[in-house]
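Novice: Below is the structure I would like to discuss, written out as structure tokens.
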Amino acid sequence: MPIGSYTDSIVVTGARERIRKKILVRAARYRQDPFEAAYNKVRSNPTWSTFELTCGHHAIVDMPELGGMLAASASTGPPDTASPDASTTSPSNPMLQAARNRPGPIS
């Protein structure tokens, strides 16, 4: 990460809340307190789609198909239910469908 991400202040305007489709992907093999806190904060928010993948920090190296899976998921939008696990358990979720067709674990 650029050093400025640790040293420079940012202005939070709330504009993020106007974004309709928000996705947070958690790399389960790369546990970091700030990432865990962010994941736990948004996973029960119905405007977010959350995914927990069994991979390390360099998810795209561990799972090269991830980019296409996320793009397909983003096109479907957030789940219609307030269930915190709806985005990962919905049978029609394209990310989950693609993951089922690949070798290796996905949570």
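The values are calculated or read from the model by the stated rules, or taken from the named source; none is laboratory data. Fair warning: this is a prediction, and the values are worked out from it, not measured in the lab. Neighbour counts run over all protein chains shown; Cβ positions are idealised from the backbone, glycine included.
Novice: Go through segment 45-79 and count every residue that is out of contact with any Ser or Thr (no Cβ under 9 Å at 6 or more places or on another chain), of a type outside the set (A, V, I, L, M, F, W, C) and either closer than 15 Å to R20 by Cα or modelled with pLDDT of 85 or more (or both).
Specialist: So the count comes out to 6.
Novice: Within segment 4-27, is even one residue touching an Asp or Glu at 6+ places or on another chain (Cβ under 6 Å) and surrounded by 15 or more Cβ atoms within 10 Å (Cβ to Cβ)?
Specialist: yes
Novice: A follow-up question, please. If you scan segment 1-57, which residues turn out to be part of a loop (DSSP other than H, G, I, E, B), under 23 Å from G67 (Cα atoms) and touching a Pro at 6+ places or on another chain (Cβ under 8 Å)?
Specialist: Those that are part of a loop (DSSP other than H, G, I, E, B), under 23 Å from G67 (Cα atoms) and touching a Pro at 6+ places or on another chain (Cβ under 8 Å): R20, K21, R43, P46, T47, T54.
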